[in-house]
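See structure below.
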Amino acid sequence: MINAESTNFVKFKYDKKSHKIELHYLVDQYPVIHFLELKKVNNINYHPNLDPYIFLCGMAIYPFIFSKYNPKKILVSAGHLNKDQMKYWHKWYLKGLGEFFYLNKLPHIINLESVPNSPLIKSENVRLRNKALLLNGGGKDSCVSAEILKKSNIEFEWLMIGYSNSQQGVLEVSPCTVKNIIVSYQKFMVPNNYKTYNGHKPFTLYTSSIAILIAALKRFKYIFLSNEKSANFGNLKINNIEINHQWTKSLEFEKMYSKYLINYVNPNLSYSSILKPLYELQIAKIFALYPKYHDVFISCNRNGTKSWCNRCSKCAFIFLALSPFLSKKNVVDIFNEDL
(Lines give C-alpha, C1' and ligand atoms only; values in the text may rest on other atoms or scores of the structure.)
Protein backbone atom coordinates (compact mmCIF):
# COMPACT_ATOMS: atom_id res chain seq x y z
CA MET A 1 0.00 0.00 0.00
CA ILE A 2 1.16 3.53 -0.84
CA ASN A 3 1.28 6.26 1.83
CA ALA A 4 0.26 9.75 0.68
CA GLU A 5 3.02 12.33 0.67
CA SER A 6 0.71 15.36 0.65
CA THR A 7 -2.82 16.65 0.26
CA ASN A 8 -3.63 20.11 -1.06
CA PHE A 9 -6.77 22.29 -0.94
CA VAL A 10 -6.20 23.86 -4.36
CA LYS A 11 -9.27 25.89 -5.41
CA PHE A 12 -13.00 26.49 -5.06
CA LYS A 13 -15.80 27.85 -7.24
CA TYR A 14 -19.48 28.75 -6.97
CA ASP A 15 -21.95 28.46 -9.84
CA LYS A 16 -24.60 31.09 -9.13
CA LYS A 17 -27.02 29.58 -11.68
CA SER A 18 -27.10 26.06 -10.26
CA HIS A 19 -26.13 27.16 -6.72
CA LYS A 20 -23.48 24.44 -6.62
CA ILE A 21 -20.11 24.79 -4.91
CA GLU A 22 -17.04 22.79 -5.86
CA LEU A 23 -14.12 22.41 -3.45
CA HIS A 24 -11.05 20.93 -5.17
CA TYR A 25 -8.32 18.96 -3.40
CA LEU A 26 -5.37 16.81 -4.42
CA VAL A 27 -4.05 13.64 -2.80
CA ASP A 28 -0.55 13.76 -4.24
CA GLN A 29 -1.52 14.40 -7.90
CA TYR A 30 -4.98 12.73 -7.75
CA PRO A 31 -8.14 14.91 -7.62
CA VAL A 32 -10.82 14.84 -4.95
CA ILE A 33 -13.85 17.12 -5.30
CA HIS A 34 -16.34 17.96 -2.56
CA PHE A 35 -19.71 19.26 -3.78
CA LEU A 36 -22.25 21.38 -1.90
CA GLU A 37 -25.65 21.77 -3.58
CA LEU A 38 -27.64 24.75 -2.31
CA LYS A 39 -30.66 24.59 -4.63
CA LYS A 40 -32.92 23.61 -1.69
CA VAL A 41 -32.00 26.75 0.25
CA ASN A 42 -34.67 29.45 0.41
CA ASN A 43 -34.12 33.01 -0.80
CA ILE A 44 -30.45 32.88 -1.71
CA ASN A 45 -29.04 36.35 -2.34
CA TYR A 46 -25.85 35.99 -4.34
CA HIS A 47 -23.20 38.66 -3.84
CA PRO A 48 -19.69 38.94 -5.27
CA ASN A 49 -17.58 38.47 -2.12
CA LEU A 50 -18.45 34.93 -1.07
CA ASP A 51 -14.78 33.93 -1.00
CA PRO A 52 -14.25 34.12 2.79
CA TYR A 53 -17.30 31.91 3.40
CA ILE A 54 -16.52 29.30 0.75
CA PHE A 55 -12.86 29.20 1.77
CA LEU A 56 -13.99 28.64 5.37
CA CYS A 57 -16.10 25.67 4.19
CA GLY A 58 -13.20 24.28 2.17
CA MET A 59 -10.90 24.40 5.18
CA ALA A 60 -13.56 22.90 7.48
CA ILE A 61 -14.29 19.99 5.11
CA TYR A 62 -10.56 19.39 4.51
CA PRO A 63 -10.13 16.93 7.47
CA PHE A 64 -12.56 14.57 5.71
CA ILE A 65 -10.00 14.41 2.87
CA PHE A 66 -6.59 14.42 4.51
CA SER A 67 -7.44 12.22 7.50
CA LYS A 68 -8.50 9.46 5.12
CA TYR A 69 -4.93 9.32 3.76
CA ASN A 70 -2.88 10.67 6.71
CA PRO A 71 -0.34 12.50 4.49
CA LYS A 72 3.04 13.80 5.61
CA LYS A 73 2.07 17.35 4.54
CA ILE A 74 -1.28 19.17 4.55
CA LEU A 75 -1.05 22.01 2.04
CA VAL A 76 -3.36 24.96 1.37
CA SER A 77 -3.07 26.90 -1.89
CA ALA A 78 -6.73 27.94 -2.40
CA GLY A 79 -6.17 30.96 -0.16
CA HIS A 80 -3.47 32.59 1.94
CA LEU A 81 -3.30 31.78 5.64
CA ASN A 82 -1.33 34.18 7.83
CA LYS A 83 0.47 33.00 10.97
CA ASP A 84 -2.52 33.74 13.19
CA GLN A 85 -4.93 31.82 10.95
CA MET A 86 -2.50 28.91 10.78
CA LYS A 87 -2.60 28.65 14.59
CA TYR A 88 -6.39 28.41 14.55
CA TRP A 89 -6.59 25.70 11.90
CA HIS A 90 -3.66 23.74 13.29
CA LYS A 91 -5.34 23.52 16.71
CA TRP A 92 -8.80 22.76 15.29
CA TYR A 93 -7.45 19.94 13.16
CA LEU A 94 -5.25 18.53 15.92
CA LYS A 95 -7.90 18.62 18.67
CA GLY A 96 -10.80 17.76 16.36
CA LEU A 97 -8.98 14.64 15.13
CA GLY A 98 -7.72 13.60 18.57
CA GLU A 99 -9.92 10.51 18.73
CA PHE A 100 -9.07 9.64 15.11
CA PHE A 101 -5.34 9.63 15.87
CA TYR A 102 -5.83 7.70 19.12
CA LEU A 103 -7.99 4.90 17.68
CA ASN A 104 -5.80 4.50 14.58
CA LYS A 105 -2.65 4.47 16.75
CA LEU A 106 -1.20 7.40 14.80
CA PRO A 107 1.03 10.20 16.15
CA HIS A 108 -0.87 13.36 17.11
CA ILE A 109 0.80 15.50 14.43
CA ILE A 110 -0.58 18.01 11.92
CA ASN A 111 1.93 19.34 9.38
CA LEU A 112 -0.08 22.22 7.95
CA GLU A 113 1.51 24.57 5.40
CA SER A 114 0.19 27.59 3.50
CA VAL A 115 1.61 27.52 -0.03
CA PRO A 116 3.50 30.77 -0.91
CA ASN A 117 1.77 33.23 -3.24
CA SER A 118 -1.69 31.79 -2.57
CA PRO A 119 -4.52 34.29 -3.27
CA LEU A 120 -5.52 36.65 -0.47
CA ILE A 121 -9.01 36.01 0.89
CA LYS A 122 -10.58 39.28 2.03
CA SER A 123 -13.21 39.37 4.77
CA GLU A 124 -16.34 41.48 4.41
CA ASN A 125 -18.36 43.76 6.64
CA VAL A 126 -21.85 43.63 5.16
CA ARG A 127 -24.72 44.32 7.56
CA LEU A 128 -26.97 41.38 8.37
CA ARG A 129 -30.61 40.99 9.34
CA ASN A 130 -31.63 40.00 12.88
CA LYS A 131 -32.73 36.53 11.79
CA ALA A 132 -31.38 33.15 12.81
CA LEU A 133 -30.48 29.74 11.44
CA LEU A 134 -30.81 26.72 13.73
CA LEU A 135 -29.14 23.45 12.75
CA ASN A 136 -31.53 20.49 12.82
CA GLY A 137 -29.75 17.28 13.71
CA GLY A 138 -32.94 15.31 14.32
CA GLY A 139 -32.12 14.69 18.00
CA LYS A 140 -33.47 15.87 21.35
CA ASP A 141 -31.02 18.80 21.56
CA SER A 142 -32.31 20.47 18.38
CA CYS A 143 -35.88 20.11 19.69
CA VAL A 144 -35.06 21.82 22.99
CA SER A 145 -33.26 24.66 21.19
CA ALA A 146 -36.28 25.24 18.95
CA GLU A 147 -38.59 25.53 21.95
CA ILE A 148 -36.19 27.94 23.71
CA LEU A 149 -36.12 30.17 20.62
CA LYS A 150 -39.92 30.07 20.49
CA LYS A 151 -40.19 31.16 24.12
CA SER A 152 -37.65 33.91 23.44
CA ASN A 153 -39.63 35.17 20.40
CA ILE A 154 -36.60 34.79 18.15
CA GLU A 155 -37.47 34.18 14.50
CA PHE A 156 -35.47 31.32 12.96
CA GLU A 157 -35.27 28.93 10.03
CA TRP A 158 -34.06 25.32 10.12
CA LEU A 159 -30.85 24.29 8.35
CA MET A 160 -30.21 20.63 7.54
CA ILE A 161 -27.09 19.08 6.04
CA GLY A 162 -28.64 16.04 4.43
CA TYR A 163 -32.21 15.06 5.23
CA SER A 164 -33.68 12.14 7.19
CA ASN A 165 -37.04 10.98 8.52
CA SER A 166 -36.08 12.19 11.98
CA GLN A 167 -35.16 15.68 10.75
CA GLN A 168 -38.42 15.81 8.79
CA GLY A 169 -40.37 14.74 11.88
CA VAL A 170 -38.73 17.37 14.09
CA LEU A 171 -39.42 19.99 11.43
CA GLU A 172 -43.13 19.11 11.18
CA VAL A 173 -43.86 19.41 14.91
CA SER A 174 -41.50 22.32 15.72
CA PRO A 175 -42.44 26.01 16.04
CA CYS A 176 -40.89 26.66 12.59
CA THR A 177 -41.43 24.68 9.39
CA VAL A 178 -39.10 26.69 7.11
CA LYS A 179 -36.40 24.31 5.90
CA ASN A 180 -33.08 24.84 4.13
CA ILE A 181 -31.40 21.63 2.93
CA ILE A 182 -27.78 21.17 1.86
CA VAL A 183 -26.76 18.18 -0.25
CA SER A 184 -23.11 17.29 0.34
CA TYR A 185 -21.02 14.59 -1.37
CA GLN A 186 -17.49 13.80 -2.57
CA LYS A 187 -15.87 12.35 -5.67
CA PHE A 188 -12.54 10.58 -5.18
CA MET A 189 -10.17 9.81 -8.07
CA VAL A 190 -7.44 8.32 -5.91
CA PRO A 191 -6.14 4.79 -6.77
CA ASN A 192 -7.20 1.96 -4.45
CA ASN A 193 -3.60 1.12 -3.63
CA TYR A 194 -3.36 4.15 -1.29
CA LYS A 195 -3.47 3.30 2.39
CA THR A 196 -6.60 4.75 4.01
CA TYR A 197 -7.94 5.24 7.54
CA ASN A 198 -11.37 5.54 9.13
CA GLY A 199 -12.46 7.35 12.25
CA HIS A 200 -14.13 10.35 13.83
CA LYS A 201 -13.87 13.71 12.03
CA PRO A 202 -14.57 17.21 13.49
CA PHE A 203 -18.12 17.17 12.13
CA THR A 204 -19.30 20.28 14.01
CA LEU A 205 -16.53 22.36 12.40
CA TYR A 206 -17.89 21.19 9.04
CA THR A 207 -21.59 21.83 9.75
CA SER A 208 -20.89 25.16 11.45
CA SER A 209 -18.95 26.46 8.45
CA ILE A 210 -21.69 25.45 6.02
CA ALA A 211 -24.16 27.27 8.29
CA ILE A 212 -21.99 30.41 8.13
CA LEU A 213 -22.07 30.25 4.32
CA ILE A 214 -25.87 29.89 4.25
CA ALA A 215 -26.26 32.72 6.75
CA ALA A 216 -24.19 34.93 4.43
CA LEU A 217 -26.31 34.03 1.42
CA LYS A 218 -29.51 34.75 3.36
CA ARG A 219 -28.04 37.80 5.17
CA PHE A 220 -28.87 36.28 8.58
CA LYS A 221 -26.89 37.43 11.60
CA TYR A 222 -27.35 34.52 14.02
CA ILE A 223 -26.21 30.91 13.73
CA PHE A 224 -27.41 28.70 16.58
CA LEU A 225 -26.24 25.22 17.50
CA SER A 226 -27.34 22.84 20.27
CA ASN A 227 -24.07 21.80 21.93
CA GLU A 228 -24.28 20.92 25.63
CA LYS A 229 -21.94 21.63 28.52
CA SER A 230 -20.63 18.06 28.78
CA ALA A 231 -18.82 18.54 25.44
CA ASN A 232 -16.32 20.72 27.33
CA PHE A 233 -14.76 17.67 28.97
CA GLY A 234 -12.48 15.08 27.40
CA ASN A 235 -12.83 11.32 27.49
CA LEU A 236 -9.26 10.41 28.50
CA LYS A 237 -5.67 11.66 28.56
CA ILE A 238 -2.79 9.96 26.75
CA ASN A 239 0.75 11.37 27.24
CA ASN A 240 -0.75 14.69 28.44
CA ILE A 241 -2.95 14.87 25.31
CA GLU A 242 -6.67 15.16 26.07
CA ILE A 243 -8.84 13.09 23.75
CA ASN A 244 -12.29 14.67 23.42
CA HIS A 245 -14.72 13.04 20.98
CA GLN A 246 -16.79 16.26 20.96
CA TRP A 247 -14.08 18.92 21.09
CA THR A 248 -15.56 21.02 18.25
CA LYS A 249 -18.75 21.20 20.36
CA SER A 250 -16.82 22.62 23.35
CA LEU A 251 -16.92 26.16 24.69
CA GLU A 252 -13.18 26.47 23.97
CA PHE A 253 -13.80 25.83 20.27
CA GLU A 254 -16.91 28.04 20.20
CA LYS A 255 -14.97 31.03 21.54
CA MET A 256 -12.09 30.49 19.11
CA TYR A 257 -14.41 30.02 16.14
CA SER A 258 -16.38 33.19 16.98
CA LYS A 259 -13.15 35.17 17.18
CA TYR A 260 -11.99 33.77 13.83
CA LEU A 261 -15.29 34.81 12.20
CA ILE A 262 -14.88 38.35 13.54
CA ASN A 263 -11.30 38.68 12.31
CA TYR A 264 -11.38 36.82 9.00
CA VAL A 265 -14.94 36.34 7.73
CA ASN A 266 -17.56 38.90 8.84
CA PRO A 267 -17.53 40.66 12.25
CA ASN A 268 -21.33 41.01 12.19
CA LEU A 269 -21.96 37.26 12.42
CA SER A 270 -23.03 35.77 15.76
CA TYR A 271 -22.23 32.09 16.40
CA SER A 272 -23.26 30.32 19.60
CA SER A 273 -24.80 27.23 21.16
CA ILE A 274 -28.13 27.73 22.91
CA LEU A 275 -27.63 24.77 25.24
CA LYS A 276 -24.04 25.44 26.28
CA PRO A 277 -24.98 26.21 29.96
CA LEU A 278 -26.86 22.88 30.28
CA TYR A 279 -25.71 19.35 31.02
CA GLU A 280 -27.25 16.36 29.24
CA LEU A 281 -29.60 15.47 32.11
CA GLN A 282 -30.92 19.04 32.24
CA ILE A 283 -31.61 18.91 28.49
CA ALA A 284 -33.34 15.53 28.87
CA LYS A 285 -35.53 16.97 31.63
CA ILE A 286 -36.66 19.83 29.36
CA PHE A 287 -37.12 17.51 26.38
CA ALA A 288 -39.42 15.29 28.45
CA LEU A 289 -41.86 18.21 28.70
CA TYR A 290 -42.51 18.15 24.92
CA PRO A 291 -44.14 14.81 24.02
CA LYS A 292 -44.79 15.99 20.45
CA TYR A 293 -41.12 15.23 19.68
CA HIS A 294 -40.95 11.83 21.40
CA ASP A 295 -42.11 9.80 18.41
CA VAL A 296 -39.98 11.62 15.81
CA PHE A 297 -36.52 12.33 17.27
CA ILE A 298 -33.65 9.86 16.70
CA SER A 299 -29.96 10.05 17.61
CA CYS A 300 -28.09 6.78 17.16
CA ASN A 301 -24.35 6.17 16.75
CA ARG A 302 -24.90 3.40 14.19
CA ASN A 303 -27.91 4.60 12.19
CA GLY A 304 -27.64 8.37 12.68
CA THR A 305 -31.11 9.92 12.44
CA LYS A 306 -32.68 7.08 10.43
CA SER A 307 -33.66 4.65 13.20
CA TRP A 308 -32.76 3.49 16.71
CA CYS A 309 -30.46 0.44 16.59
CA ASN A 310 -31.04 -0.24 20.33
CA ARG A 311 -27.55 -1.75 20.51
CA CYS A 312 -25.11 1.20 20.61
CA SER A 313 -23.96 3.28 23.58
CA LYS A 314 -25.87 6.36 22.31
CA CYS A 315 -29.21 4.53 22.31
CA ALA A 316 -28.48 3.18 25.79
CA PHE A 317 -27.47 6.60 27.05
CA ILE A 318 -30.58 8.41 25.79
CA PHE A 319 -32.83 5.66 27.19
CA LEU A 320 -31.13 6.11 30.56
CA ALA A 321 -31.16 9.94 30.42
CA LEU A 322 -34.92 10.07 29.79
CA SER A 323 -35.78 7.45 32.43
CA PRO A 324 -35.92 9.83 35.45
CA PHE A 325 -38.33 12.17 33.65
CA LEU A 326 -40.74 9.86 31.77
CA SER A 327 -42.65 6.76 32.77
CA LYS A 328 -41.07 3.42 31.97
CA LYS A 329 -43.80 2.78 29.41
CA ASN A 330 -43.17 6.09 27.63
CA VAL A 331 -39.42 5.46 27.34
CA VAL A 332 -39.95 1.91 26.08
CA ASP A 333 -42.49 3.22 23.53
CA ILE A 334 -39.83 5.58 22.11
CA PHE A 335 -37.37 2.75 21.48
CA ASN A 336 -39.90 -0.06 20.99
CA GLU A 337 -37.75 -2.09 23.37
CA ASP A 338 -36.70 -2.07 27.02
CA LEU A 339 -32.99 -1.29 26.99
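Overview of values
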read-out: Span from the region 181-215 Cα centroid across to the region 263-339 one, whole angstrom; value: 24
read-out: Surface accessible to a 1.4 Å probe, TYR257 within the full protein complex, Å²; value: 0
read-out: Net +/- balance of residues flanking GLU147 in space, Cβ distance below 12 Å, scoring K and R +1, D and E -1; value: +3
read-out: Protein-only accessible surface order, largest first, of ASP333, ASP295, ASP28 at 1.4 Å; value: ASP295, ASP333, ASP28
read-out: Under the Karplus curve 6.51 cos²θ - 1.76 cosθ + 1.60, θ = phi - 60°, whole-Hz ³J(HN,Hα) for region 271-277, x wherever Gly or Pro sits; value: 10, 7, 9, 5, 9, 4, x
read-out: Accessible area of the chain belonging to carbon and sulfur atoms, whole % at 1.4 Å probe; value: 51
read-out: Of LYS179/LYS229; LYS16/LYS40; LYS237/LYS276; LYS11/LYS276; LYS221/LYS255; LYS17/LYS201, those spanning more than 25 Å from alpha-carbon to alpha-carbon; value: LYS179/LYS229; LYS11/LYS276; LYS17/LYS201
read-out: Å² of accessible area per residue within the chain, as computed with a 1.4 Å probe and no ligands counted; value: 47
read-out: Beta bridges by DSSP in the chain, antiparallel share as percent, to the nearest 5; value: 55
read-out: Set of aspartates and glutamates near LYS39 by C-alpha distance (under 15 Å), chain-local residues within fewer than 8 positions excluded; value: ASP15, GLU22
read-out: Distance between region 21-63 and region 133-165 - C-alpha centres, whole angstrom; value: 24
read-out: Heavy atoms of CYS300: accessible area, 1.4 Å probe, square angstrom to 10; value: 10
read-out: Within straight-line cross-link reach of LYS249, aspartates and glutamates at Cα separation under 17 Å, skipping those fewer than 8 residues along the same chain; value: GLU99, ASP141, GLU228, GLU280
read-out: From phi via Karplus (6.51, -1.76, 1.60), per-residue ³J(HN,Hα) for region 59-70 in Hz, x at Gly/Pro; value: 5, 6, 7, 3, x, 5, 8, 6, 5, 4, 10, 6
read-out: Listed residues SER166, SER152, ILE121: farthest to the positive end of the dipole of region 119-184 (Cβ charges); value: ILE121
read-out: Straight-distance crosslink candidates among aspartates and glutamates, where the alpha carbon sits under 12 Å from LYS292 and sequence neighbours closer than 8 are dropped; value: GLU147, GLU172
read-out: Rounded accessible area of VAL173 (nearest 10 Å², 1.4 Å probe); value: 50
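The values are calculated or read from the model by the stated rules, or taken from the named source; none is laboratory data. What you are looking at is a predicted structure, and each value in this text was computed from that prediction instead of being measured. Counting neighbours? That spans all protein chains shown, and the Cβs are built from the backbone with ideal geometry, glycine included. With ligands, DNA and RNA removed, areas are computed over all heavy atoms of the protein, side chains included. Shrake-Rupley method; radii C 1.70, N 1.55, O 1.52, S 1.80 Å.
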